[in-house]
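Asker: Right, I'll just put the structure down here and ask away after.
The values are calculated or read from the model by the stated rules, or taken from the named source; none is laboratory data. Model, not experiment: these values are computed from the prediction. FYI the Cβ positions are ideal-geometry reconstructions off the backbone, even for glycines, and counts take in every protein chain you see.
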Amino acid sequence: MIKFLDLKAINERQRAELDAAAKRVLDSGWYLLGQEDAAFEREFAAYCGVKHAIACANGLDALKLVIQAYGFGPGDEIIAPANTYIASLIAISANGATPVLVEPRLDTYLIDPQRIEAAITPRTKAIMVVHLYGRTCDMAAIAAIARQHGLKVIEDCAQSHGAYCGETRCGALGDAAGFSFYPGKNLGCLGDGGAMTTNDDALAEKLRALRNYGSDVKYHFPYRGTNSRLDEIQAAYLRVKLPLLDADNARRVEIAARYCREIANPRITLPEAPTGKKDNVYHVFPVRTANRDAFQSYLTEKGVQTVIHYPIPPHRQPAYTEWHGLSLPITEEIHDTIISLPISPVMTDDEVAAVIAAVNAYEDRTPDTSL
Ligand SMILES: *Cc1c(COP(=O)(O)O)cnc(C)c1O
(Lines give C-alpha, C1' and ligand atoms only; values in the text may rest on other atoms or scores of the structure.)
Protein backbone atom coordinates (compact mmCIF):
# COMPACT_ATOMS: atom_id res chain seq x y z
CA MET A 1 0.00 0.00 0.00
CA ILE A 2 1.34 3.44 -0.95
CA LYS A 3 0.37 5.63 1.97
CA PHE A 4 -1.12 9.05 1.39
CA LEU A 5 1.21 10.49 4.01
CA ASP A 6 3.54 8.40 6.16
CA LEU A 7 4.00 10.63 9.22
CA LYS A 8 5.93 8.01 11.13
CA ALA A 9 8.49 7.72 8.30
CA ILE A 10 8.70 11.52 8.03
CA ASN A 11 9.60 11.91 11.72
CA GLU A 12 11.75 8.75 11.84
CA ARG A 13 14.31 10.53 9.61
CA GLN A 14 15.15 12.83 12.53
CA ARG A 15 14.55 10.37 15.37
CA ALA A 16 17.81 11.05 17.23
CA GLU A 17 17.45 14.85 17.05
CA LEU A 18 13.80 14.71 18.12
CA ASP A 19 14.70 12.49 21.09
CA ALA A 20 17.47 14.93 22.03
CA ALA A 21 15.07 17.89 21.77
CA ALA A 22 12.59 16.20 24.11
CA LYS A 23 15.38 15.41 26.54
CA ARG A 24 16.55 19.03 26.45
CA VAL A 25 13.07 20.17 27.56
CA LEU A 26 12.83 17.52 30.27
CA ASP A 27 16.26 18.49 31.55
CA SER A 28 15.34 22.19 31.58
CA GLY A 29 12.27 21.71 33.80
CA TRP A 30 10.50 24.52 31.87
CA TYR A 31 7.43 23.45 29.85
CA LEU A 32 5.62 26.47 28.39
CA LEU A 33 6.74 29.74 26.73
CA GLY A 34 10.40 29.32 27.57
CA GLN A 35 13.68 29.35 25.67
CA GLU A 36 12.58 26.82 23.04
CA ASP A 37 9.49 28.87 22.24
CA ALA A 38 11.47 32.12 22.05
CA ALA A 39 14.13 30.52 19.84
CA PHE A 40 11.55 28.93 17.54
CA GLU A 41 9.75 32.27 17.17
CA ARG A 42 13.02 33.95 16.14
CA GLU A 43 13.92 31.17 13.73
CA PHE A 44 10.47 30.97 12.17
CA ALA A 45 10.23 34.76 11.76
CA ALA A 46 13.62 34.75 10.02
CA TYR A 47 12.52 31.87 7.79
CA CYS A 48 9.33 33.70 6.75
CA GLY A 49 11.16 37.01 6.33
CA VAL A 50 8.90 38.78 8.81
CA LYS A 51 9.60 40.82 11.95
CA HIS A 52 7.50 38.89 14.45
CA ALA A 53 6.38 35.29 14.89
CA ILE A 54 4.23 34.48 17.92
CA ALA A 55 3.64 30.80 18.59
CA CYS A 56 0.29 29.50 19.80
CA ALA A 57 -1.58 26.25 20.36
CA ASN A 58 -2.91 25.55 16.83
CA GLY A 59 -3.75 27.08 13.46
CA LEU A 60 -7.36 27.86 14.28
CA ASP A 61 -6.31 29.88 17.34
CA ALA A 62 -3.69 31.72 15.26
CA LEU A 63 -6.37 32.99 12.86
CA LYS A 64 -8.89 33.61 15.65
CA LEU A 65 -6.41 35.67 17.65
CA VAL A 66 -5.36 37.77 14.64
CA ILE A 67 -9.01 38.67 14.04
CA GLN A 68 -9.53 39.38 17.75
CA ALA A 69 -6.39 41.55 17.88
CA TYR A 70 -7.78 43.70 15.07
CA GLY A 71 -11.03 44.00 17.03
CA PHE A 72 -13.20 42.55 14.24
CA GLY A 73 -16.48 41.22 15.63
CA PRO A 74 -20.27 41.40 15.39
CA GLY A 75 -21.41 43.51 12.43
CA ASP A 76 -18.07 43.17 10.63
CA GLU A 77 -17.60 41.17 7.45
CA ILE A 78 -14.47 39.32 6.37
CA ILE A 79 -14.15 38.04 2.81
CA ALA A 80 -12.89 34.45 2.48
CA PRO A 81 -12.70 31.79 -0.24
CA ALA A 82 -15.80 29.58 -0.43
CA ASN A 83 -13.76 26.38 -0.93
CA THR A 84 -11.46 26.68 2.09
CA TYR A 85 -11.08 24.25 4.97
CA ILE A 86 -13.73 25.09 7.58
CA ALA A 87 -11.15 26.40 10.11
CA SER A 88 -10.62 29.65 8.15
CA LEU A 89 -14.35 30.39 8.48
CA ILE A 90 -14.69 29.20 12.08
CA ALA A 91 -11.92 31.67 13.02
CA ILE A 92 -14.10 34.49 11.67
CA SER A 93 -17.41 33.22 13.13
CA ALA A 94 -15.85 32.57 16.53
CA ASN A 95 -15.17 36.30 16.83
CA GLY A 96 -18.80 37.08 15.99
CA ALA A 97 -17.82 38.48 12.58
CA THR A 98 -19.43 37.26 9.35
CA PRO A 99 -17.51 35.33 6.69
CA VAL A 100 -18.49 36.43 3.17
CA LEU A 101 -17.80 33.63 0.72
CA VAL A 102 -16.14 34.35 -2.62
CA GLU A 103 -15.72 31.78 -5.39
CA PRO A 104 -12.26 30.44 -6.28
CA ARG A 105 -10.85 30.07 -9.78
CA LEU A 106 -11.28 26.57 -11.19
CA ASP A 107 -7.70 26.50 -12.53
CA THR A 108 -5.93 27.47 -9.28
CA TYR A 109 -8.49 26.60 -6.55
CA LEU A 110 -7.57 30.00 -5.01
CA ILE A 111 -9.86 32.95 -4.28
CA ASP A 112 -10.67 34.76 -7.55
CA PRO A 113 -9.46 38.37 -7.18
CA GLN A 114 -11.90 39.45 -9.89
CA ARG A 115 -14.84 38.43 -7.71
CA ILE A 116 -13.67 40.14 -4.51
CA GLU A 117 -14.83 43.71 -5.20
CA ALA A 118 -18.46 42.63 -5.77
CA ALA A 119 -18.44 41.14 -2.24
CA ILE A 120 -17.22 44.33 -0.51
CA THR A 121 -19.81 46.26 1.54
CA PRO A 122 -19.50 49.15 4.03
CA ARG A 123 -19.14 46.47 6.75
CA THR A 124 -16.15 44.70 5.13
CA LYS A 125 -13.04 44.89 7.31
CA ALA A 126 -10.62 42.35 5.86
CA ILE A 127 -9.85 39.82 3.17
CA MET A 128 -8.72 36.42 4.41
CA VAL A 129 -6.63 34.77 1.72
CA VAL A 130 -6.02 31.03 1.97
CA HIS A 131 -2.99 29.65 0.13
CA LEU A 132 -4.89 26.42 -0.37
CA TYR A 133 -3.12 23.15 -1.25
CA GLY A 134 0.23 24.96 -0.84
CA ARG A 135 -0.10 27.58 -3.58
CA THR A 136 0.07 31.30 -2.86
CA CYS A 137 -2.78 33.57 -3.94
CA ASP A 138 -2.48 36.39 -6.47
CA MET A 139 -1.30 38.86 -3.83
CA ALA A 140 -0.58 41.81 -6.13
CA ALA A 141 -4.21 41.92 -7.26
CA ILE A 142 -5.54 41.34 -3.74
CA ALA A 143 -3.27 43.94 -2.10
CA ALA A 144 -4.42 46.53 -4.66
CA ILE A 145 -8.09 45.88 -3.82
CA ALA A 146 -7.37 45.94 -0.08
CA ARG A 147 -5.47 49.22 -0.33
CA GLN A 148 -8.21 50.86 -2.38
CA HIS A 149 -10.92 49.87 0.13
CA GLY A 150 -8.87 50.20 3.34
CA LEU A 151 -9.07 46.50 4.21
CA LYS A 152 -6.66 44.33 6.17
CA VAL A 153 -5.24 41.25 4.45
CA ILE A 154 -5.04 38.19 6.72
CA GLU A 155 -3.24 35.14 5.36
CA ASP A 156 -4.21 31.57 6.21
CA CYS A 157 -0.83 29.85 5.70
CA ALA A 158 -1.82 26.51 7.25
CA GLN A 159 -1.01 24.66 3.99
CA SER A 160 1.73 26.84 2.49
CA HIS A 161 4.78 26.96 4.82
CA GLY A 162 7.69 28.27 2.75
CA ALA A 163 5.77 29.15 -0.44
CA TYR A 164 6.67 32.42 -2.18
CA CYS A 165 4.71 35.05 -4.03
CA GLY A 166 7.36 36.91 -6.00
CA GLU A 167 10.34 37.47 -3.70
CA THR A 168 8.29 37.26 -0.50
CA ARG A 169 7.34 34.22 1.50
CA CYS A 170 3.83 33.63 2.78
CA GLY A 171 3.42 34.94 6.30
CA ALA A 172 4.91 38.24 5.08
CA LEU A 173 2.47 38.82 2.21
CA GLY A 174 -0.38 40.48 4.12
CA ASP A 175 -0.90 42.44 7.36
CA ALA A 176 -0.86 39.34 9.55
CA ALA A 177 -0.92 35.58 9.07
CA GLY A 178 -1.84 32.36 10.83
CA PHE A 179 0.09 29.08 10.49
CA SER A 180 -0.80 25.58 11.65
CA PHE A 181 1.75 22.97 12.67
CA TYR A 182 -0.77 20.12 12.76
CA PRO A 183 1.25 16.90 12.21
CA GLY A 184 0.24 16.50 8.56
CA LYS A 185 1.18 20.04 7.43
CA ASN A 186 4.39 20.70 5.48
CA LEU A 187 5.93 21.77 8.82
CA GLY A 188 4.26 19.76 11.56
CA CYS A 189 4.55 19.21 15.30
CA LEU A 190 4.21 15.84 17.02
CA GLY A 191 0.91 17.17 18.29
CA ASP A 192 -0.82 20.53 17.88
CA GLY A 193 0.85 23.88 17.29
CA GLY A 194 0.44 27.18 15.48
CA ALA A 195 1.94 30.61 14.94
CA MET A 196 1.01 34.14 13.97
CA THR A 197 3.31 36.38 11.93
CA THR A 198 3.27 40.12 11.28
CA ASN A 199 5.53 43.12 10.65
CA ASP A 200 3.30 45.27 12.88
CA ASP A 201 5.02 45.82 16.28
CA ALA A 202 1.86 46.85 18.16
CA LEU A 203 -0.17 43.97 16.74
CA ALA A 204 2.60 41.51 17.66
CA GLU A 205 2.65 42.75 21.24
CA LYS A 206 -1.12 42.36 21.48
CA LEU A 207 -1.01 38.84 19.98
CA ARG A 208 1.69 37.88 22.46
CA ALA A 209 -0.61 38.97 25.28
CA LEU A 210 -3.81 37.46 23.81
CA ARG A 211 -2.38 33.93 23.60
CA ASN A 212 -1.61 34.08 27.32
CA TYR A 213 -4.90 35.26 28.89
CA GLY A 214 -4.34 38.81 27.60
CA SER A 215 -1.46 39.33 30.00
CA ASP A 216 1.35 41.79 29.16
CA VAL A 217 3.28 41.48 32.42
CA LYS A 218 2.58 38.72 34.93
CA TYR A 219 -0.88 39.03 36.55
CA HIS A 220 -1.74 42.21 34.63
CA PHE A 221 -4.45 41.85 31.97
CA PRO A 222 -5.08 44.65 29.47
CA TYR A 223 -7.16 42.27 27.27
CA ARG A 224 -9.57 39.35 27.69
CA GLY A 225 -7.31 36.81 26.08
CA THR A 226 -7.24 33.05 25.96
CA ASN A 227 -4.97 30.15 26.76
CA SER A 228 -3.26 29.28 23.49
CA ARG A 229 0.37 28.63 24.36
CA LEU A 230 2.79 26.35 22.50
CA ASP A 231 4.42 23.60 24.59
CA GLU A 232 8.20 23.85 24.92
CA ILE A 233 8.49 20.27 23.70
CA GLN A 234 6.61 21.08 20.47
CA ALA A 235 8.70 24.24 19.98
CA ALA A 236 11.84 22.11 20.41
CA TYR A 237 10.54 19.58 17.84
CA LEU A 238 9.72 22.38 15.39
CA ARG A 239 13.27 23.72 15.72
CA VAL A 240 14.53 20.27 14.66
CA LYS A 241 12.13 20.10 11.71
CA LEU A 242 12.30 23.67 10.36
CA PRO A 243 15.78 23.26 8.81
CA LEU A 244 14.42 20.37 6.70
CA LEU A 245 11.39 22.30 5.39
CA ASP A 246 12.98 23.69 2.22
CA ALA A 247 14.39 20.30 1.18
CA ASP A 248 11.05 18.64 1.96
CA ASN A 249 9.16 21.22 -0.10
CA ALA A 250 11.67 20.77 -2.95
CA ARG A 251 10.98 17.02 -2.95
CA ARG A 252 7.23 17.71 -3.07
CA VAL A 253 7.78 19.99 -6.07
CA GLU A 254 9.89 17.31 -7.77
CA ILE A 255 7.12 14.74 -7.33
CA ALA A 256 4.48 17.21 -8.54
CA ALA A 257 6.56 17.98 -11.63
CA ARG A 258 6.83 14.28 -12.42
CA TYR A 259 3.08 13.71 -11.91
CA CYS A 260 2.39 16.62 -14.28
CA ARG A 261 4.84 15.31 -16.89
CA GLU A 262 3.89 11.66 -16.78
CA ILE A 263 0.20 11.45 -15.90
CA ALA A 264 -1.70 11.45 -19.16
CA ASN A 265 -5.28 10.33 -18.82
CA PRO A 266 -8.10 12.33 -20.42
CA ARG A 267 -10.31 11.57 -17.39
CA ILE A 268 -7.93 13.31 -14.99
CA THR A 269 -7.48 17.09 -14.70
CA LEU A 270 -4.09 17.97 -13.20
CA PRO A 271 -3.14 21.10 -11.24
CA GLU A 272 -0.67 23.54 -12.80
CA ALA A 273 2.86 22.10 -13.01
CA PRO A 274 5.65 23.72 -10.96
CA THR A 275 6.74 26.95 -12.62
CA GLY A 276 10.11 27.50 -10.95
CA LYS A 277 8.64 30.50 -9.10
CA LYS A 278 8.44 28.54 -5.83
CA ASP A 279 4.84 29.72 -5.48
CA ASN A 280 3.55 26.22 -4.68
CA VAL A 281 4.79 23.82 -2.01
CA TYR A 282 2.20 21.16 -2.97
CA HIS A 283 0.80 20.50 0.50
CA VAL A 284 -1.44 18.14 -1.44
CA PHE A 285 -1.61 17.18 -5.13
CA PRO A 286 -5.26 17.67 -6.09
CA VAL A 287 -6.67 16.27 -9.33
CA ARG A 288 -10.24 16.34 -10.59
CA THR A 289 -12.26 13.57 -12.21
CA ALA A 290 -15.95 13.12 -13.05
CA ASN A 291 -16.59 9.83 -11.24
CA ARG A 292 -14.46 10.47 -8.19
CA ASP A 293 -15.79 7.61 -6.07
CA ALA A 294 -15.07 5.10 -8.82
CA PHE A 295 -11.56 6.56 -9.24
CA GLN A 296 -10.90 6.38 -5.50
CA SER A 297 -12.10 2.74 -5.25
CA TYR A 298 -9.97 1.86 -8.26
CA LEU A 299 -6.85 3.40 -6.70
CA THR A 300 -7.53 1.69 -3.36
CA GLU A 301 -7.69 -1.63 -5.24
CA LYS A 302 -4.34 -0.76 -6.84
CA GLY A 303 -2.85 -0.05 -3.41
CA VAL A 304 -2.78 3.75 -3.69
CA GLN A 305 -4.21 5.68 -0.74
CA THR A 306 -6.01 8.95 -1.55
CA VAL A 307 -7.80 11.63 0.48
CA ILE A 308 -10.55 14.06 -0.56
CA HIS A 309 -9.85 17.71 0.30
CA TYR A 310 -12.76 18.29 0.83
CA PRO A 311 -15.93 16.29 0.14
CA ILE A 312 -18.53 18.85 1.33
CA PRO A 313 -18.15 22.64 0.83
CA PRO A 314 -18.57 24.90 3.88
CA HIS A 315 -21.83 26.37 2.53
CA ARG A 316 -23.38 22.88 2.51
CA GLN A 317 -22.29 22.01 6.07
CA PRO A 318 -24.87 21.62 8.86
CA ALA A 319 -22.78 24.07 10.93
CA TYR A 320 -23.69 26.91 8.53
CA THR A 321 -27.38 26.51 7.71
CA GLU A 322 -27.57 30.22 6.85
CA TRP A 323 -25.55 29.48 3.70
CA HIS A 324 -27.60 26.52 2.45
CA GLY A 325 -29.42 28.73 -0.05
CA LEU A 326 -26.20 30.03 -1.65
CA SER A 327 -25.30 28.95 -5.15
CA LEU A 328 -21.52 28.66 -5.60
CA PRO A 329 -21.16 26.53 -8.74
CA ILE A 330 -17.34 26.62 -8.99
CA THR A 331 -16.92 25.62 -5.35
CA GLU A 332 -19.52 22.86 -5.77
CA GLU A 333 -17.82 21.57 -8.92
CA ILE A 334 -14.49 21.42 -7.06
CA HIS A 335 -15.91 19.62 -4.04
CA ASP A 336 -17.73 17.10 -6.26
CA THR A 337 -14.71 16.14 -8.34
CA ILE A 338 -11.48 16.79 -6.39
CA ILE A 339 -9.25 14.07 -4.94
CA SER A 340 -5.64 14.22 -3.68
CA LEU A 341 -2.93 11.78 -4.81
CA PRO A 342 -0.13 10.80 -2.42
CA ILE A 343 2.69 13.34 -2.17
CA SER A 344 5.26 13.64 0.63
CA PRO A 345 8.98 14.05 1.16
CA VAL A 346 9.39 10.36 2.03
CA MET A 347 7.76 8.93 -1.12
CA THR A 348 10.25 6.94 -3.18
CA ASP A 349 10.69 7.26 -6.94
CA ASP A 350 9.27 3.75 -7.32
CA GLU A 351 6.14 4.73 -5.39
CA VAL A 352 5.72 7.83 -7.55
CA ALA A 353 6.06 5.65 -10.67
CA ALA A 354 3.48 3.19 -9.32
CA VAL A 355 0.95 6.00 -8.69
CA ILE A 356 1.51 7.33 -12.25
CA ALA A 357 1.07 3.85 -13.77
CA ALA A 358 -2.12 3.26 -11.78
CA VAL A 359 -3.63 6.63 -12.74
CA ASN A 360 -2.71 6.21 -16.40
CA ALA A 361 -4.31 2.74 -16.51
CA TYR A 362 -7.58 4.03 -15.05
CA GLU A 363 -10.62 3.56 -17.25
CA ASP A 364 -13.92 4.81 -16.00
CA ARG A 365 -16.17 1.76 -16.18
CA THR A 366 -19.19 3.50 -14.65
CA PRO A 367 -22.06 3.47 -17.17
CA ASP A 368 -22.73 6.87 -18.70
CA THR A 369 -26.16 7.86 -17.40
CA SER A 370 -26.15 11.32 -18.93
CA LEU A 371 -28.03 10.20 -22.09
C1 LIG B 1 -5.14 22.88 9.06
C2 LIG B 1 -5.80 24.14 8.65
C3 LIG B 1 -6.21 25.10 9.59
C4 LIG B 1 -6.27 24.87 11.07
O5 LIG B 1 -5.15 24.39 11.68
P6 LIG B 1 -5.24 23.57 13.08
O7 LIG B 1 -3.86 23.59 13.55
O8 LIG B 1 -5.76 22.22 12.74
O9 LIG B 1 -6.17 24.31 13.97
C10 LIG B 1 -6.68 26.31 9.12
N11 LIG B 1 -6.78 26.55 7.80
C12 LIG B 1 -6.44 25.64 6.87
C13 LIG B 1 -6.57 26.00 5.42
C14 LIG B 1 -5.95 24.40 7.26
O15 LIG B 1 -5.62 23.50 6.32
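Asker: Take GLU254 and decide whether it is under 30 Å from GLY171 (Cα atoms), among the charged types (D, E, K, R) and not in a loop (DSSP other than H, G, I, E, B).
Answerer: The answer is yes for GLU254.
Asker: Could you please let me know if TYR109 is modelled with pLDDT of 95 or more, within 12 Å of the ligand (Cβ to nearest atom) and on the phi > 0 side of the Ramachandran plot?
Answerer: yes
Asker: Scan the stretch 270-298 residue by residue and report those that are outside any loop (DSSP other than H, G, I, E, B) and either in contact (Cβ under 8 Å) with a residue 60 or more places away in the chain or surrounded by 20 or more Cβ atoms within 10 Å (Cβ to Cβ) (or both). Talk me through it step by step, then tell me what you get.
Answerer: Filtering the stretch 270-298 for residues outside any loop (DSSP other than H, G, I, E, B) gives 280, 285-288, 292-298.
Within the stretch 270-298, ASN280, PHE285, PRO286, VAL287, ALA294, PHE295, TYR298 meet the criteria.
Asker: Filter the strands (runs of 3 or more DSSP E) completely within the stretch 133-199 down to those with at least 1 residues that are farther than 18 Å from ARG42 by Cα and within 13 Å of the ligand (Cβ to nearest atom).
Answerer: 152-156
Asker: Give the stretch 113-132 a look and list any residue that's part of a helix (DSSP H, G or I) and surrounded by 21 or more Cβ atoms within 10 Å (Cβ to Cβ), or say none.
Answerer: Passing the criteria: only LEU132.
Asker: When residues of the stretch 90-103 are filtered for being more than 16 Å from the ligand (Cβ to nearest atom) and not in a loop (DSSP other than H, G, I, E, B), how many remain?
Answerer: 2
Asker: Also, quick follow-up: Inspect the stretch 8-15 for any residue being closer than 20 Å to LYS185 by Cα, modelled with pLDDT of 95 or more and touching a His at 6+ places or on another chain (Cβ under 8 Å) and give the result as yes or no.
Answerer: The answer is no; no qualifying residue exists.
Asker: To continue, here is another question. Looking only at the stretch 303-316, decide whether some residue is over 22 Å from the mean Cα position of the chain (by Cα), farther than 24 Å from THR136 by Cβ, assigned to a loop (DSSP other than H, G, I, E, B) and not charged (D, E, K, R).
Answerer: Yes: the stretch 303-316 contains one or more residues that are over 22 Å from the mean Cα position of the chain (by Cα), farther than 24 Å from THR136 by Cβ, assigned to a loop (DSSP other than H, G, I, E, B) and not charged (D, E, K, R).
Asker: Report those helices (runs of 4 or more DSSP H) wholly inside the stretch 3-89 carrying at least 3 residues which are buried (at least 18 other Cβ atoms within 10 Å of the Cβ) and within 16 Å of the ligand (Cβ to nearest atom).
Answerer: Numbers: elements: 7-12, 15-28, 35-48, 59-70.
Answer list for the stretch 3-89: 59-70.
Asker: Given the conditions (1) away from the ligand (no atom under 16 Å from the Cβ); (2) part of a loop (DSSP other than H, G, I, E, B), report the number of the one that ARG229 does not fulfil.
Answerer: ARG229 satisfies all of (1) away from the ligand (no atom under 16 Å from the Cβ); (2) part of a loop (DSSP other than H, G, I, E, B) except (1).
Asker: OK, next. Let me spell it out: the conditions are (1) out of contact with any strand residue (DSSP E or B) (no Cβ under 6 Å at 6 or more places or on another chain); (2) under 22 Å from ILE86 (Cβ atoms), and SER297 meets all of them except one. Which number is the exception?
Answerer: With respect to (1) out of contact with any strand residue (DSSP E or B) (no Cβ under 6 Å at 6 or more places or on another chain); (2) under 22 Å from ILE86 (Cβ atoms), SER297 is out only on (2).
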